[in-house]
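Visitor: One structure follows; several queries about it will come next.
The values are calculated or read from the model by the stated rules, or taken from the named source; none is laboratory data. The structure displayed is predicted, hence computed values, not measured ones. No Cβ is skipped: glycine too gets one built from the backbone with ideal geometry, and neighbour counts run over all protein chains shown.
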Amino acid sequence: MAKKTGKPGKGPPAPESGGYCQTCGLESGVHREQHTGEKRECPYIGLAYPELRAGHDRIYFGPWRKMDAGPADVVRAYNQIGRHLNSIERVLGGLDLPAARRDHLKAVEAYRLGDPRDDSQEALRFMDNALSYAHRVIDDLLHERGFPSHAPMEFAEWYDAVEVPFRDEW
């Protein structure tokens, strides 16, 4: 895996050979590559908050949500959610968006309750709730700028995701 060369909080890492997408900041190969002619394109090009959308979708379509997910997949997703919530907090910065801040606090609370290392049977539900609240924050940010909500299913083909299990069960 390539090392990050960007500075924390200063946008996506600088791309390296086989490193990171210049648009969304995800490591190359995280979202399945689509091709237009000879040019590789990221599905988040031209969208507001591409790094938050891509971060959300990477977790949303991650292996932890599959029925055959193992404990390592769940712990990895938990750590990804924590980093994603930190990224959202940095973007919120000094913005005066009470609804977004409220949703972020709910996401952080659910995240703390969902630590899979605590051997809680409810960990997956809390992790899913944390990701849902994080999605609401992204939508709050988009609505503030006059953009439509983020729709992860519009990006499903870019990920190794045939289905998203237990999406509507809670």
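Visitor: Determine whether region 91-98 contains at least one residue that is in a helix (DSSP H, G or I) and crowded, with 18+ Cβ neighbours inside 10 Å.
Guide: no
Visitor: Follow-up question, since we're still on this one. If you scan region 102-114, which residues turn out to be in a helix (DSSP H, G or I) and either among the β-branched types (Val, Ile, Thr) or surrounded by 15 or more Cβ atoms within 10 Å (Cβ to Cβ) (or both)?
Guide: Across region 102-114, the qualifying residues are Asp103, His104, Lys106, Ala107, Val108, Ala110, Tyr111, Leu113.
Visitor: Hey, among the residues in region 31-73 that are at pLDDT below 80, among the charged types (D, E, K, R) and outside any loop (DSSP other than H, G, I, E, B), which one's surrounded by the fewest Cβ atoms within 10 Å (Cβ to Cβ)?
Guide: Filtering first and then ranking leaves Lys39.
Visitor: Looking at region 127-170 only, could you name the residues that are surrounded by 12 or more Cβ atoms within 10 Å (Cβ to Cβ), among the aromatic types (Phe, Trp, Tyr) and modelled with pLDDT under 95?
Guide: Phe155, Trp158, Tyr159, Phe166
Visitor: If you don't mind, another one. What residue, of Glu122, Glu144, Glu109, Glu157, is within 14 Å of Asp57 (Cβ to Cβ) and more than 15 Å from the chain's Cα centre (by Cα)?
Guide: The conditions single out Glu157.
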